[in-house]
Amino acid sequence: MFALHLDLLTTDAEGAIPVRFVGPSDRINETTRGWAEANGFKGKPGQMLVAPDGHGGIAAVLVGAGETFDPMSARALPARLPPGLYRLEAEPEDSRKAALAFLLGTYVFDRYKARPDRDRVRLTVLSTVSTRDAASGSSIGGANVPGLNARTFSTTVEMREGQTLAVAGLIQTNLASAANRVPLLGDLPIIGRFFGSDNIQSGEQELVVLITPEIVRPLNQNELSTLPGSDVFEPGDIEFYMMGRLESRRSYDYRASVQTDIQRMLRYRRCEQLYLVGPTGHSSQLLSRPLSATIQGR
């Protein structure tokens, strides 16, 4: 994080590290001069030197200004300086421009940049699972209509594209029994078992729901595929009655509901030839170029 002291002419900003623009012929103090000579700093444009203090911190930052100082060169400083609070030391006529360049350098426009969590999907799952239940049925018009035993679950999770969510624990246990007896004889003790039958049914069912999200992205025009049914056309009278074809081999519909006589057939063909110019409709041959039509008036 960078901070810039607003009053550029102030020299007593507490904790602010001075940033000095130094040219080849400018004077610097003896302590900083020895550090600059040791690191080959000569005040050329593009050079930068961090001068340490005696406590392991930063005493000052020297920036090469060259023979002619360009205040807008300060825009490259935020990418090279360590995080901290800085004070630019420049001539009054150049200080504001240098401050503006520094602030522009700290601005980062990342709205449309790729983010590591861009493929993260917040998924809200709400589902209802129902089974037939004869015990809760009803009679409508003399017919027995079974009821429904519904189970509902809902959850919200965050997943990445391609990951799989498993929802389990939807366990259903059924127990049913039935007894059939011959009237009178089936109710006799001991021997009545020979005149009847008992039936017990038990079942356990566990439902597991697997969900894998996939992010749908827009397709380019050259990636479009043929739409379902776009290659099926209605046959004409000759194809239908004489050739026995249920689908036309032409690339356009006959439209039997509109073309009821020869005059309408001619008007239909004449209308398309006069008012529609260019490719229209959906076809595998037309998807490789823009689908457009031009309306012409008389």
Working note, segment 192-262: Cα radius of gyration (Å, one decimal) and Dmax (Å, whole number) are 28.9, 84
What accessible area per residue, rounded to a whole number of Å², is obtained for segment 141-184 using a probe radius of 1.4 Å? 70 Å²
So how compact is segment 158-210: Cα radius of gyration and Dmax in angstrom? 22.7, 68
If 252, 107, 241, 86 are ordered by their accessible area, calculated over protein heavy atoms with a 1.4 Å probe, which sequence runs from highest to lowest? 241, 107, 252, 86
Could you give the C-alpha radius of gyration of segment 17-156 expressed as a fraction of 2.2 N^0.38 Å, taking N as the number of residues it contains? 2.38
Accessible area in square angstrom per residue, segment 28-139, 1.4 angstrom probe: 68 Å²
Could the peptides 72-78, 38-44, 160-166 be put in order, highest first, of the mean number of other beta-carbon atoms found within 10 Å of their residues? 72-78, 38-44, 160-166
Fraction of beta bridges assigned by DSSP in segment 18-67 that are antiparallel (%, nearest 5): 55 percent
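The values are calculated or read from the model by the stated rules, or taken from the named source; none is laboratory data. Remember, it's a predicted structure, so these values are computed and weren't measured experimentally. As a convention, Cβ positions derive from the backbone with ideal geometry for all residues, glycine included, and neighbour counts pool all protein chains shown. Surface accessibility is based on the protein's heavy atoms, side chains included, excluding ligands, DNA and RNA. Shrake-Rupley method; radii C 1.70, N 1.55, O 1.52, S 1.80 Å.
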